[in-house]
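The next block holds one structure in the form of structure tokens; read it before the comments.
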């Protein structure tokens, strides 16, 4: 799957619905217990297998949830996966029509769950930026090992939420609904051109 430039990504941004992966306004954010159910559901789906989940090679968690925060805003998950002809075709077709190129994989992993923020094939990028990633599962391991690692994440009352990175003034107040890859792409494009190439209606 070809890499995307920040300009290409920025031009594809569409509104991010508050009901998609974040807690809607007026509702409480997930507690650690509730948040834990979301990656567990994802592991259940991986265990069931099928396309495109059979392409997933590795799952890691990071962020406030991985540090044991009691009220994480979401659960940040890194998913490393291979591609095949079908996934590549869907990816290119989605880009052509301005749709989410990772929609098939997201649906397969998340179902209708809220609160999972999935970062596809970003392990090296996040590690280079200094993020501490917690391995959850690697292909070839039993999913039971991943569930054990998930249970081993100890709640820590002192582990607060980390400040949002790659922020622009325009994101203030809506940052919970703007996924990190979108923030990175927009800030990258903005820094290079000082001109937004998209319109976002919330």
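The values are calculated or read from the model by the stated rules, or taken from the named source; none is laboratory data. Bear in mind the structure is a predicted one, so any value in this text is a computation, not a measurement. Neighbour counts run over all protein chains shown; Cβ positions are idealised from the backbone, glycine included.
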Complete set of residues in the range 107-124 that are surrounded by fewer than 16 Cβ atoms within 10 Å (Cβ to Cβ), part of a loop (DSSP other than H, G, I, E, B) and out of contact with any helix residue (DSSP H, G or I) (no Cβ under 8 Å at 6 or more places or on another chain): 112
Every residue from the range 133-151 that is outside any helix (DSSP H, G or I) and either in contact with a helix residue (DSSP H, G or I) (Cβ under 8 Å, 6 or more places away or on another chain) or modelled with pLDDT under 95 (or both): 133, 134, 135, 136, 137
If residue 104 meets every condition in (1) without any contact (Cβ under 8 Å) to a residue 60 or more places away in the chain; (2) touching a helix residue (DSSP H, G or I) at 6+ places or on another chain (Cβ under 9 Å); (3) in a loop (DSSP other than H, G, I, E, B) apart from one, which number is that one? (3)
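Here's the yes/no breakdown for (1) buried (at least 16 other Cβ atoms within 10 Å of the Cβ); (2) touching a strand residue (DSSP E or B) at 6+ places or on another chain (Cβ under 8 Å); (3) within 18 Å of residue 38 (Cβ to Cβ):
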site: 84; (1), (2), (3): no, no, no
site: 92; (1), (2), (3): no, no, no
site: 126; (1), (2), (3): yes, yes, no
site: 131; (1), (2), (3): yes, yes, no
site: 138; (1), (2), (3): no, yes, no
Of all residues making up the range 56-102, the number that are within 12 Å of the chain's Cα centre (by Cα) and over 23 Å from residue 149 (Cα atoms): 1
Among the candidates 107, 161, single out the residue that is within 19 Å of the chain's Cα centre (by Cα) and modelled with pLDDT under 90. 161
Scan of the range 45-90 for residues that are more than 23 Å from residue 125 (Cβ to Cβ) and modelled with pLDDT under 95, ordered by number: 68, 70, 71
